[in-house]
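Trainee: Here it is, the structure, as structure tokens.
The values are calculated or read from the model by the stated rules, or taken from the named source; none is laboratory data. None of the values given here were measured: they were computed from a predicted structure. Because the Cβ atoms are built from the backbone with ideal geometry, glycine has one as well, and the counts that use them run over all protein chains shown.
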Amino acid sequence: MKTANTMFILIVVLTVVFLTAPLRAEETPEAAYEPSTETTEPETTESDTEELDQQQVEQQEFVDSVKKQESENPAKKDKATAPASKRYKVALGISPGLASTGDDTDNALVNFSFNLLGGNYGYLKGLELGLVGNMIRQDAKGLQWAMAYNYAGSMKGVQAAFMANVVDEELQGLQLAAFLNFADKVNGVQLASAANIALGKVKGSQVSFGLNVALEDVEGLQLGASLNVGIGDNTDAQVGLMNIAVGKVRAVQLGLINYADDSDVSIGLLSFTRKAPLHMHVWTSDTASVNLGIQFGSNYVYNILAIGMAPMTDNFTVQAGYGIGGRIPLAEKWELNIDVMAWGIHDNGADWDDLNILSKGRITVHYRFMEHLGIFAGPTFNVLTTDASLSNVTPIHQWKERVDEYDVYMWPGFVVGLSI
């Protein structure tokens, strides 16, 4: 019974709105107007005149703003969009083709609209709510909120939806979605759980748990739990599990895997930069007679992958290492490298499941004769943690400590090598 009463009340409300909507529609100053042929003028009160004047001022301001945007954006003007012909303070939409504004939807300006299945208007200056979706074909200023989707030709304000937000041209403000945000250009923030996509330039931030994509320059932050992609220069930062910049990153990349066309600082497990130096290193140290490694990364932060052998000790050992460090230019052809490395050591007399971890900090001075030929040398500090009493990895005196079931050895060392 309550459901039937509710449906009856809703039907009455819809009928009243549809019957009274034309009475609430207001023609803008540019709408056609035919003067009356009668000689007598209707009586108007002073309050009616003031209200009419205020409405005309607001409508004229909106028309002027549309013209200004068209003059500043020729591409938008080419679309031949017409200015709003009528303003509706309140509009109700049943579906995109059925609304209280009647047939005049493409050029209608609404201040407040509530849409059941969907709305379809020309302009918004205020608030639009939708149980399913909202659509503003031209310019939207204010807030669009919907359970499923929001669409606007251009947006200056906020779009919030559980599924997707779409701006065909420029977003100035915030897009907030549980799934997807899409815009041509972004001057603000895109925040989504799944993906943010910008076909043009981003001036602001893209933040998601999944994917962020900008097909032109990014002046701001890309923060994604999975993947960030920038097809252009990035002036601030990319932070995510994987970062890709087809351009120059002027600040920092921070992720598990990073790639950039050019980057000063990329910090991650593996970082690759097309224009950064790539060097092969061959060196000797107190812990391995022969080491071979590759140094790669960004202009000032690098990764090292290396292998080493110690055939001159009592027990032949094979070592595999990984490191991360930074380079500091000192003068022409001179630079200082500071890095930390972790080595796994296998002794031919031990089991493969024995724990032998060598941690090594290195400070080396590099002199480069030419781009791909240089020498380097410097001191190291070593800490060996083992459960197999592996103590003969160096001829240098060691300090020994017992920590739980592990033996810990510490000592200073050295490294001397060739950079190619």
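Here is a yes/no grid of residues against (1) of a type in the set (Gly, Ala, Ser); (2) touching a strand residue (DSSP E or B) at 6+ places or on another chain (Cβ under 7 Å):
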| site | (1), (2) |
| --- | --- |
| 192 | yes, yes |
| 197 | no, yes |
| 202 | no, yes |
| 213 | no, yes |
| 216 | no, no |
| 223 | no, yes |
| 231 | no, yes |
| 236 | no, yes |
| 240 | yes, yes |
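Trainee: One residue is enough: does segment 233-250 have a residue meeting the conditions in contact with a His (Cβ under 8 Å, 6 or more places away or on another chain) and buried (at least 16 other Cβ atoms within 10 Å of the Cβ)? Break it down into steps so the answer makes sense when it comes.
Mentor: Of all residues in segment 233-250, those in contact with a His (Cβ under 8 Å, 6 or more places away or on another chain) come to none.
Within segment 233-250, not a single residue is in contact with a His (Cβ under 8 Å, 6 or more places away or on another chain) and buried (at least 16 other Cβ atoms within 10 Å of the Cβ).
Trainee: Can you give me the ranges of the strands (runs of 3 or more DSSP E) entirely in segment 223-332 with at least 3 residues that are of a type outside the set (Asp, Glu) and more than 28 Å from residue 194 (Cα to Cα)?
Mentor: It comes to 279-285, 290-297, 301-310, 317-331.
Trainee: Of a type in the set (A, V, I, L, M) and under 17 Å from residue 302 (Cβ atoms): which single residue out of 330, 384 fits that description?
Mentor: Working: 384 fails: under 17 Å from residue 302 (Cβ atoms).
None of the others qualify; the one that does is 330.
Trainee: Filtering segment 147-195 down to residues that are of a type in the set (Phe, Trp, Tyr) and assigned to a loop (DSSP other than H, G, I, E, B), which residue is farthest from residue 216 (Cα to Cα)?
Mentor: 162
Residues checked against (1) closer than 12 Å to residue 243 by Cβ; (2) in contact (Cβ under 8 Å) with a residue 12 or more places away in the chain; (3) surrounded by 20 or more Cβ atoms within 10 Å (Cβ to Cβ); (4) outside the structural domain of residue 393 (by TED's automatic domain parsing):
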residue	(1), (2), (3), (4)
262	no, yes, no, yes
268	yes, yes, yes, yes
271	yes, yes, yes, yes
283	no, yes, yes, no
291	no, yes, yes, no
295	no, yes, yes, no
300	no, yes, no, no
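Trainee: Go through (1) within 18 Å of residue 185 (Cα to Cα); (2) in contact (Cβ under 8 Å) with a residue 40 or more places away in the chain and name the single condition residue 229 misses.
Mentor: Going through (1) within 18 Å of residue 185 (Cα to Cα); (2) in contact (Cβ under 8 Å) with a residue 40 or more places away in the chain one by one, residue 229 breaks only (2).
Trainee: Just need a number here: residues in segment 102-146 that are among the small types (Gly, Ala, Ser), part of a strand (DSSP E or B) and surrounded by fewer than 21 Cβ atoms within 10 Å (Cβ to Cβ).
Mentor: Narrowing segment 102-146 to residues among the small types (Gly, Ala, Ser): 102, 108, 113, 118-119, 122, 126, 130, 133, 140, 142, 146.
Imposing the further condition that a residue be part of a strand (DSSP E or B) reduces the set to 108, 113, 126, 130, 133, 140, 142, 146.
This time we only want the ones that are surrounded by fewer than 21 Cβ atoms within 10 Å (Cβ to Cβ), so: 126, 142.
Looking only at that region, the number is 2.
Trainee: Within segment 376-420, work out how many residues are free of Cβ contacts under 8 Å to residues at least 60 places away in the same chain, β-branched (Val, Ile, Thr) and closer than 14 Å to residue 359 by Cα.
Mentor: Qualifying residue count, segment 376-420: 4.
Trainee: Determine which member of the set 399, 411, 343 is aromatic (Phe, Trp, Tyr), over 43 Å from the mean Cα position of the chain (by Cα) and surrounded by 18 or more Cβ atoms within 10 Å (Cβ to Cβ). Please lay out each step first, then the result.
Mentor: On the way: 399 fails: surrounded by 18 or more Cβ atoms within 10 Å (Cβ to Cβ); 343 fails: over 43 Å from the mean Cα position of the chain (by Cα).
Just one listed residue meets the conditions, 411.
The rows are residues; the columns are (1) under 22 Å from residue 269 (Cα atoms); (2) assigned to a strand (DSSP E or B); (3) modelled with pLDDT of 95 or more; (4) among the acidic types (Asp, Glu).
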| position | (1), (2), (3), (4) |
| --- | --- |
| 336 | yes, yes, yes, no |
| 340 | yes, yes, yes, no |
| 344 | yes, yes, no, no |
| 357 | yes, yes, no, no |
| 361 | yes, yes, yes, no |
| 365 | no, yes, yes, no |
| 390 | no, no, no, no |
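Trainee: Would you mind stating whether residue 322 is modelled with pLDDT of 95 or more, touching an Asp or Glu at 6+ places or on another chain (Cβ under 8 Å) and not assigned by TED's automatic domain parsing to the domain that holds residue 260? Explain how you work it out, then say what you get.
Mentor: Numbers: modelled with pLDDT of 95 or more: yes; touching an Asp or Glu at 6+ places or on another chain (Cβ under 8 Å): no; not assigned by TED's automatic domain parsing to the domain that holds residue 260: yes.
So residue 322 fails the test.
Trainee: Specify which of the listed residues (408, 416) is part of a strand (DSSP E or B), among the β-branched types (Val, Ile, Thr) and either modelled with pLDDT of 95 or more or touching a helix residue (DSSP H, G or I) at 6+ places or on another chain (Cβ under 7 Å) (or both). Lay out the reasoning, then the answer.
Mentor: Working: 408 fails: either modelled with pLDDT of 95 or more or touching a helix residue (DSSP H, G or I) at 6+ places or on another chain (Cβ under 7 Å) (or both).
Of the residues listed, the single one that is part of a strand (DSSP E or B), among the β-branched types (Val, Ile, Thr) and either modelled with pLDDT of 95 or more or touching a helix residue (DSSP H, G or I) at 6+ places or on another chain (Cβ under 7 Å) (or both) is 416.
Trainee: Look through 165, 196 and report the one residue that is crowded, with 20+ Cβ neighbours inside 10 Å, more than 26 Å from residue 261 (Cβ to Cβ) and of a type outside the set (Val, Ile, Thr). Spell out how you get there, then give the answer.
Mentor: Working: 196 fails: more than 26 Å from residue 261 (Cβ to Cβ).
Exactly one of 165, 196 is crowded, with 20+ Cβ neighbours inside 10 Å, more than 26 Å from residue 261 (Cβ to Cβ) and of a type outside the set (Val, Ile, Thr), namely 165.
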